[in-house]
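Bear in mind that the values in this text are calculations on the coordinates, not laboratory data. Just so we're clear, the structure is a prediction, and the values are computed from it rather than from any experiment. FYI the Cβ positions are ideal-geometry reconstructions off the backbone, even for glycines, and counts take in every protein chain you see.
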């Protein structure tokens, strides 16, 4: 999934920094040398949950947008730590939906993303 999402977003013209290890994602983002505008993260991952990663990401990149991906129903968002009103992309999703949701999240921002 990570590789597919990264490839799709790169083909759409976004600069993408990907990491399959949530604990290494922030280090990788910091080393990328760019200001990141978006974190696209799964809610459930090994080692750390997406909302905790998002909290650390926001501290490192104030003003950045967060887009969560999850296969859980909307009724379970709170149980998984997703803040009320957060942008959530429900799995399964179509490629065009992914691209549109990223575009919407980044509207009025530069084309940089992290996944």
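Full extension of the chain between residue 12 and residue 93 yields a length gain of 27.5 nm, computed as 0.36 nm times the residue separation minus the alpha carbon distance.
As a proxy for reagent exposure, 95, 66 were ordered by neighbouring Cβ count within 10 angstrom, fewest first; the result is 95, 66. Spin-label pair residue 20-residue 86: with each label point 7 Å from Cα along the Cα-Cβ axis, the two points sit 2.4 nm from one another. Extension gain, residue 60 to residue 30: 0.36 nm times the residue separation minus the Cα-Cα distance gives 10.0 nm. Exposure proxy for 9, 106: other Cβ atoms within 10 Å of each Cβ, ordered fewest to most, give 106, 9.
Estimated purely from DSSP H runs of n ≥ 4, each contributing -39500 (n - 2.57), the mean residue ellipticity at 222 nm for the chain is -11000 deg cm²/dmol once divided by its residues. Summed over all non-identical Cα pairs, the Kirkwood treatment of the chain gives a radius of 14.1 Å.
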